[in-house]
Structures are given as structure tokens and as C-alpha cells.
Amino acid sequence: DAKTTQPPSMDCAEGRAANLPCNHSTISGNEYVYWYRQIHSQGPQYIIHGLKNNETNEMASLIITEDRKSSTLILPHATLRDTAVYYCIVRVPMNTGFQKLVFGTGTRLLVSP
Amino acid sequence: SQTIHQWPATLVQPVGSPLSLECTVEGTSNPNLYWYRQAAGRGLQLLFYSIGIDQISSEVPQNLSASRPQDRQFILSSKKLLLSDSGFYLCAWSVLGGGYEQYFGPGTRLTVT
């Protein structure tokens, strides 16, 4: 029941910007968009999240469209260590009042020399 | 700083045998705790979450159970493993009542033979 759609794979040259798209056309007004990544055989790592405005931290930038139906994660200067599966996630409310993160299958980013 | 531990790192168990996976968190109090499973080539599936000692909710009916005997200890168990229980098991924590960033442990790779 993932609420996001991502391309299954992308390639990027080392040193270039990696732009990872995500569609979340059914997102509600108060739902945040989260990005995580998972390097092979490790636990997922939180990258960034946002609601409406664009966000930037030391790892990446998050660009959210004005209608909030899609977003793009930008790794400004990809390195080989950025090779991972990137998950775009929308929080899903549960009937207990708790909210959960629903992980889809993500985008496998391969950064090449 | 906060640290999350999981053990064992890998486990091979025969069908019908019991299971106990342990997760502990250091450096924080009253965390939300989570158990996820990731089957080969799939996204993460939330199995259980807990907002406090002995307060555990199950997301998916199955032959697994979870317990939280102490504030920062979360245990995943089974009385009789099935082949379909094979996968990568991840424990995660988040700040109770705060942001929804989840921090994942290193995971346990379980193979049921």
C-alpha cells in the first residue's frame, strides 16, 4: 500500500548531480515526504523530509512541486558511496492514531566512475 | 549519541525451530520501537511497533510475536519458523511523540532451511 511511485533504477556518473524523482499524487495536505536510502545489506538511513517547502541538509536537497504531487531528491555531487536503493515515502495514518512509514521498492541508484 | 544494536547478525534455522531476535537501543529514553522484515528484492514490511513497555501493535498477522520487556529492548520471536520467514529483519527506533525519522539497526539475516 505504498503511496509513492519511483523508477526502479537510475545511473549517475561520479561527481555529477543525481536527481531521483518520486510521484505521490494522492498525498494529503498534512502528509510529509520522507527519503531514506539503503546500502546493500545495511539498515535504511534517513536522508531528509519535507512538507511543502524545499529542504536542504548536508546530505541532499529535496524539491517538492507546488501541487505536492511529486518531488525530487538531489544528491549534488554523487560519489561511489552513494550507490544504494533510495526510498521515497509518505507517512500513512493508522486506525490506532499512529503513523507509519510505508517503504516501496525504491530506486536503485548506481554511481559509476 | 544514540546507538541501536541487533543480534545475531546472521542466523540459519531449520523449519519448525523457534526464533528469538533481540534489539537494544542506547542513548535515548522512551523510544518508539519497530520490527521490519525485508524479503529478497522487496521493500520493507512493518511487522510490529511499540510505544512503550508491553505496548505492542501488530501490523501483519503471522506466526511471529514481539515483546518489549524493558524500555529499550525489543524482541522478535517465533515458536515454529516457516520457510517464508526467511528475510532481513530490521529493528528501528524513533523519538516518542517527536519527529518521525526512524533510525535502523544493522539487521539480522535469517535463512530458514
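Tabulated data for the structure shown
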{"item": "Matching residues in the range A:45-61 - criterion: being within 18 Å of A:Ser28 (Cα to Cα) and either in a loop (DSSP other than H, G, I, E, B) or touching a Gly at 6+ places or on another chain (Cβ under 6 Å) (or both)", "result": "A:Leu51, A:Lys52, A:Asn53, A:Asn54"}
{"item": "Out of B:Ser86, B:Ser77, B:Ser58, sole residue that is more than 12 Å from chain A (Cβ to nearest Cβ) and surrounded by fewer than 16 Cβ atoms within 10 Å (Cβ to Cβ)", "result": "B:Ser77"}
{"item": "Count of the range A:23-47 residues which are at the interface with chain B (Cβ under 8 Å from one of its Cβ atoms) and over 17 Å from B:Arg37 (Cβ atoms)", "result": "4"}
{"item": "Residues of the range B:34-55 that turn out to be among the charged types (D, E, K, R) and either in contact with a Leu (Cβ under 6 Å, 6 or more places away or on another chain) or crowded, with 19+ Cβ neighbours inside 10 Å (or both), as a count", "result": "1"}
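Okay, residues lined up against (1) within 30 Å of B:Trp7 (Cβ to Cβ); (2) over 11 Å from the mean Cα position of the chain (by Cα):
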position: A:Thr5; (1), (2): no, no
position: A:Thr26; (1), (2): no, yes
position: A:Gln42; (1), (2): yes, yes
position: A:Leu51; (1), (2): no, yes
position: A:Met59; (1), (2): yes, yes
position: A:Thr65; (1), (2): no, yes
position: A:Pro76; (1), (2): no, yes
position: A:Val90; (1), (2): no, no
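Bear in mind these aren't lab numbers, they're just calculated from the coordinates by the rules spelled out. Given the structure is predicted, the values throughout are model-derived calculations rather than measurements. Backbone-built Cβ (ideal geometry, glycine too); neighbour counts: all protein chains shown.
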